[in-house]
1. Summing -39500 (n - 2.57) over the DSSP H runs of n ≥ 4 in the chain and dividing by its residue number, what mean residue ellipticity at 222 nm do you reach, to the nearest 500 deg cm²/dmol?
2. Of the candidates Pro69, Pro47, Pro34, which one comes out as most mobile in a Gaussian network treatment of the chain with C-alpha springs shorter than 10 Å?
3. Can you give the FRET efficiency for Leu95 and Leu61, using 1/(1 + (r/R0)^6), R0 = 25 Å, r = Cβ-Cβ distance, to the nearest 0.05?
4. What's the center-to-center distance, using Cα atoms, between the stretch 52-110 and the stretch 5-30 in Å?
5. Can you tell me the FRET efficiency between Ala16 and Val50 if r is taken as the Cβ-Cβ distance and R0 is 22 Å, rounded to the nearest 0.05?
6. Roughly how many nanometres apart are two label points built 7 Å out from the Cα toward the Cβ at Lys88 and Arg23?
7. Run the numbers for Leu81 and Leu35: contour at 0.36 nm per residue of separation, minus the present Cα-Cα distance, in nm.
8. With each pseudo-label sitting 7 Å past Cα toward Cβ, what's the Leu3-Leu74 distance in nm, one decimal?
Amino acid sequence: MTLDQTTIWIVIVALAIGTFTLRFSFLGLVGRRPLPPWALRLLRYTPVAVIPGLMAPQIFLPLEGQSGPDPVRLAAVVVTLAVGVWTKNAIWAMLGGAATLAILTLTLGA
């Protein structure tokens, strides 16, 4: 499917307006008012929900030519979760998972 430049720019401008409107509705209109305690409590969990949501497709969807998830990525996820539960530290968990992914990728050539 090929799109002409006009269509591409219309999509870019529409997405920019939509993104601005969503952000302004929260930051611009509510930014100077105190939020209720229940909203502040829910906002604390936003990063915890967004990061797994971004990573889940990369972990569980099969790579091209494979019929299931990549065992190297699954091993890195297991190590990340184990280190996170053990240390209660997100940085150490991410470093452990990244190190596992790098070592297994280099040694197994996956």
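Taken together, the values in this text are just the output of simple stated rules run on the coordinates, not laboratory data. Worth saying up front: this structure is predicted, and the values here are computed from it rather than measured. Cβ: placed from backbone, ideal geometry, glycine included. Neighbour counts: every protein chain shown.
1. Values: 5 runs with 84 residues, N = 110.
Calculated mean residue ellipticity at 222 nm is -25500 deg cm²/dmol.
2. Highest fluctuation of the listed residues: Pro34.
3. Working: r = 24 Å, r/R0 = 0.97.
Taking R0 as 25 Å, the efficiency between Leu95 and Leu61 is 0.55.
4. Computed from Cα coordinates, the inter-centre distance equals 34 Å.
5. Working: r = 21 Å, r/R0 = 0.96.
After rounding to 0.05, the efficiency reads 0.55.
6. A separation of 3.5 nm, rounded to one decimal place.
7. Numbers: separation 46, 0.36 × 46 = 16.56 nm, distance 3.25 nm.
Roughly 13.3 nm would be gained on extension.
8. In this crude label model, Leu3 to Leu74 measures out at 3.6 nm.
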